Amino acid sequence: MANYNEQVVRLWDEWEDQTGDEANDPDDFIDWAIANNRLYTPLEDVRKIHRRRLSEALRQVHRVNEEGTTYRAKQCVTIAEEGRQRTLVFDVDKNGTPQLRRKAVRQRRDAIVNDVYRAMSDVDHMNFAYPHDEIQFEMNFTEDYEERKALERMQRKKNVS
């Protein structure tokens, strides 16, 4: 039996074939699936709902240091403990060990590397499938980082004025 994600993907493919559109809006898909009794919300543990909402709220906690750098105040690490995976959250200004801080940075970098790998793989496939498109993916993010940092500082100064 297919899991929920596999069922949703099959249903999406069916709907995509029906629309015949080049690209589709997930909200339109949900409307279609609900109207046609094809999509059901699986029962969820209340703890899972609260955990997801808590994680989202904690990710939104940002602070600005004396140098003007905005950073995420609540950091998390995933650890394996007693045969199960756990996520630990710490406030970078109040607690957390050097090991936790290093691990948080390493895990964040690994996630970014995975995203870049997926993006490059997608670009490689598009260039293979459509060789005349010549799609490029710039791997050096230094300039992007500096631009966003400058924009953030300008916006902060604007909000203070």
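Rule-based calculations on the coordinates, nothing more; no lab input. Predicted model only: the values in this text are computed from it and were never measured. Quick reminder, even Gly has a Cβ in these numbers, built from the backbone with ideal geometry, and neighbours come from all protein chains shown.
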If I build a Gaussian network model for the chain, linking alpha-carbon pairs within less than 10 angstrom, which residue out of Leu43, Leu88, Leu151 has the largest mean-square fluctuation? Leu43
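Within the set of other residues whose C-beta is less than 10 Å from the C-beta of Val89, count the net charge using Lys and Arg as +1 and Asp and Glu as -1. Write out the running numbers ahead of the final one.
Numbers: positive: Arg59, Lys74; negative: Asp91.
Net of charged neighbours comes to +1.
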For the charge dipole of the range 1-118, defined by +1 on Lys and Arg C-beta atoms and -1 on Asp and Glu C-beta atoms about the Cα centroid, which residue among Phe90, Thr19, Thr69 has the Cα displaced farthest towards the positive pole? Phe90
Given charges at beta-carbon only (K, R positive; D, E negative), |dipole| of the range 46-160 in Debye: 1160 debye
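Express the relative contact order of the chain as a whole percentage, based on alpha carbon pairs under 8 Å and six or more residues apart in sequence. Could you put the intermediate results ahead of the total?
On the way: 74 pairs, mean separation 15.2, N = 161.
Result for the chain is 9 percent.
Using only alpha-carbon positions, what ratio does the radius of gyration of the range 5-50 give when scaled by 2.2 N^0.38 Å?
Numbers: Rg = 12.6 Å, N = 46, 2.2 N^0.38 = 9.4 Å.
So the range 5-50 has a normalised radius of gyration of 1.34.
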For the range 46-160, the percent of all C-alpha pairs falling in each 10 Å bin, from 0 up to the bin holding the max distance, is 11, 27, 32, 21, 9, 0
Specify the inter-centroid distance of the range 17-88 and the range 98-142, based on alpha-carbon positions, in whole Å. 20 Å
Only Cα pairs within less than 10 Å get springs; with that Gaussian network setup on the chain, which residue of Phe90, Phe141, Phe29 has the largest fluctuation? Phe29
